[in-house]
Amino acid sequence: MLTLLSMFYYICLRRRSRSGTRGEALTSRRAVESGQRAVLPVSVEVEQYAKEVLDFSSHYGSENSMSYTMWNLAGVPNVYPSSGDFTQTAVFRAYGTWWEQCVSAPPPFRRTPKGFYSQDYIELGFEEPVYPTAVEVLETYYPGAIVQILACSHNPFSQSPPTDIRWEVLWSGEPTKVLTPQARQFSPNIKHISFPTNLLRLEINSSLLDYYTELDAVILRGVKEKPMLALYKMPVIDISDLSDSEDELSDMGGPFRQGGDRKHQRTGNGYFDKLPYELIQLILSHLTLPDLCRLAQSCKLLHQHCCDPLQYTQLSLQPYWARLSDDSLGHLQSRCTLLQRLNLSWTGNRGAFTLSGFSSFMKACGLSLVCLELSCCHFLNEACLEVISQTCPGLQELNLSSCDRLHPQAFIHISKLTHLRRLVLYRTKIEQTAILSILTFCIELRHLNLGSCVRIEDYDVVASMLAARCHSLRSLDLWRCRNLTDRGLAELVSGCRMLEELDLGWCPTLQSSTGCFQHLARSLPRLQKLFLTANRTVCDSDIEELAASCPSLRLLDILGTRLVSAASLKKLLQSCPHLLLLDVSFCSQIDMRVVQELSGLFPNVAIKKSFTQ
């Protein structure tokens with residue numbers, strides 16, 4: 001081994017002698033040949049649990065409680081090594097592929113890299129920065145959702161503003177489906193990095209899972225002093241030193257140099273200039289954004305094609321969130337004059353985007369924009385939303401999911417986007433005045449998500465406004481709204497009869513005894529998705545009315561009810577041939593024997609029944 005290393009570095013040093021002195025080369029060579037050993041510092045490995053949850057994209061829980069929230073990931077385990085469905089764990093908002101089949105789901109962006117699987121994320125801060133040696137995630141229910149673990153050079157608890165932030169991937173993999181939902185300790189082999197970190201990011205893809213994944217705790221192991229990864233103290237050799245010198249290349253490629261034999265001289269375009277323009281454009285449309293930018297540097301012809309605005313009618317920058325800055329937007333700005341769909345989700349945080357950089361890009365590229373995805377973009381402020389309202393007159397889709405640092409006053413600018421058809425405000429601080437103003441002017445709305453918007457004071461008033469102004473509404477998410485009553489629901493379903501999706505999960509003020517759910521079923525014959533999660537009052541009469549009035553039903557969640565029997569569920573399954581998902585977890589009358597019996601009779605329906613060990 002020593003002999004091979006010596007030969008390799010002898011070759012490297014020979015080529016490096018072009019730029020280094022003879023003395024430096026000889027000293028470095030002697031260090032290799034003498035077998036000089038590095039001094040390895042003795043450092044004790046530190047084990048620490050997450051101190052604080054810094055940011056996340058979604059969670060199943062409420063904004064004002066701890067049950068099923070991401071905040072449960074801070075500190076020591078609450079559940080592990082037990083398995084099952086526990087409220088003390090961290091749970092994301094969705095699982096499986098059913099959400100992709102909903103009418104409210106936007107079409108995927110073209111050019112998304114095949115290796116980008118992430119759908120959700122969570123960022124965790126730890127007490128002490130360390131050089132990571134291991135990361136352990138305690139998964140307590142349906143493991144296998146973690147697809148990437150990253151480390152950041154920035155100390156989140158530092159009082160200094162972040163500068164030169166760097167993210168490194170410690171580990172990445174494809175989504176997996178573990179054969180058992182039992183608890184496990186996930187500890188992949190991680191990459192060694194050159195900086196200490198106390199900020200980790202887990203990225204999640206739950207598409208292959210049969211139920212919600214639950215995480216209990218994250219352990220970061222590491223040493224405080226930088227470990228010496230090499231056995232021998234080798235000289236630092238840059239990658240450019242490994243290339244051949246100009247002298248060594250001077251005798252090659254004569255016909256391709258200027259002044260060569262003109263009979264054999266090429267144009268440098270690799271015969272691409274012989275192809276029709278449209279065919280080259282079609283070929284390039286299959287490249288990812290980084291590949292397109294690299295290809296633009298190859299020759300003038302391909303540079304022209306790679307910079308053609310027709311290649312940038314759709315642009316998803318979400319997969320590259322860790323590497324983007326104002327300069328990135330400036331570089332793309334001239335190419336995006338025909339941009340129609342833009343995904344900036346997860347980007348621009350910790351100072352990567354500024355108001356001036358974002359505004360400049362939107363002013364240049366916003367005129368044709370119809371779709372703008374800005375999920376978890378914490379650089380946004382009121383001025384940014386004002387710029388969007390001024391520069392994107394034709395905008396039809398706007399996603400501000402989990403932009404929970406936006407000031408409530410900022411949302412009033414959305415009312416100027418009068419052509420909006422899809423608006424996602426999940427986990428934002430929008431208040432009553434702003435949402436009523438939006439509904440007054442944005443009467444073309446088809447899809448509206450107000451899940452976990454805890455600052456709206458009276459959802460009955462919102463429901464009444466929707467019924468009066470938004471007759472074309474097809475999907476409405478009111479997940480965890482705390483004050484919608486039967487009166488508001490009755491107005492809503494009477495005025496919005498085109499509804500195909502309605503999420504009323506964890507809405508405790510709705511009572512079946514008022515007849516509101518039966519009235520809902522009779523009023524919405526197009527209904528495909530209905531979530532009545534954790535409503536303890538849902539009963540057999542409600543299920544039977546759904547069976548009679550909603551034959552197109554595909555997704556139904558009645559988790560937690562005590563009043564639904566196996567007989568009414570069987571009637572529902574017989575009457576709704578398109579049903580794909582039925583969640584009866586914690587339904588006291590529906591035990592595993594009933595689930596197995598119904599699953600045997602209706603094998604095309606995924607009947608969910610979670611358990612607690």
Magnitude of the charge dipole, region 285-414, Cβ model with Lys/Arg +1 and Asp/Glu -1, debye to 20: 300
For the chain, calculated [θ]222 nm from helices alone, where every DSSP H run of n ≥ 4 adds -39500 (n - 2.57): -7000 deg cm²/dmol
Dipole magnitude of region 44-226 about its Cα centre (Cβ charges: Lys, Arg +1; Asp, Glu -1), debye to nearest 20: 540
Links that overshoot a 26 Å alpha carbon limit, given the list Lys191/Lys608; Lys114/Lys300; Lys570/Lys609; Lys114/Lys191; Lys571/Lys609: Lys191/Lys608; Lys114/Lys300
Carbon/sulfur fraction of accessible area - region 312-447, other protein chains in place, 1.4 Å, %: 50
Accessible area in square angstrom per residue, the chain, 1.4 angstrom probe: 46
Over region 62-170, equivalent-ellipsoid semi-axes from the Cα gyration tensor in Å: 26, 23, 15
Cross-link partners of Lys429 among lysines (Cα-Cα below 30 Å; sequence separation of 8 or more within a chain): Lys51, Lys363, Lys416, Lys529
Cα-based Rg / Dmax (Å) for region 127-173: 13.5, 40
Residues whose placed amide H lies under 5 Å from that of Thr133, excluding near-sequence neighbours: Arg221, Gly222, Val223
Sequence-distant residues sharing a close amide H with Ala606 (under 5 Å, placed H): Leu581, Leu582
Nearest-20 debye value, the chain charge dipole, Cβ charges on Lys, Arg, Asp, Glu: 1220
Cα pair distances of region 480-558 binned at 5 Å [whole percent]: 3, 17, 30, 31, 17, 2
Most to least accessible of Leu275, Leu395 (protein chains only, probe 1.4 Å): Leu275, Leu395
Global size of region 44-226 as Cα Rg and Dmax, reported in angstrom: 16.3, 54
Size-normalised alpha-carbon gyration radius of region 438-582, reference 2.2 N^0.38 Å: 0.98
Cα Rg over Rh - region 312-447, Kirkwood: 0.94
Ranked packing of 421-433, 216-228, most packed first, by mean Cβ within 10 Å: 421-433, 216-228
Placed amide H near Glu127: partners under 5 Å, 5+ positions off or other chain: Lys51
The chain, relative contact order [Cα under 8 Å, separation at least 6], %: 9
DSSP bridge orientation in the chain - percent antiparallel, rounded to nearest 5: 55
Dimensions in Å of the chain - Rg and Dmax from alpha carbons: 29.0, 92
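The values are calculated or read from the model by the stated rules, or taken from the named source; none is laboratory data. This one's a predicted model, so the numbers in the text were calculated from it and none came from an experiment. As a convention, Cβ positions derive from the backbone with ideal geometry for all residues, glycine included, and neighbour counts pool all protein chains shown. To get the accessible areas, we keep the full protein, side chains included, count just its heavy atoms, and leave off ligands, DNA and RNA. Shrake-Rupley method; radii C 1.70, N 1.55, O 1.52, S 1.80 Å.
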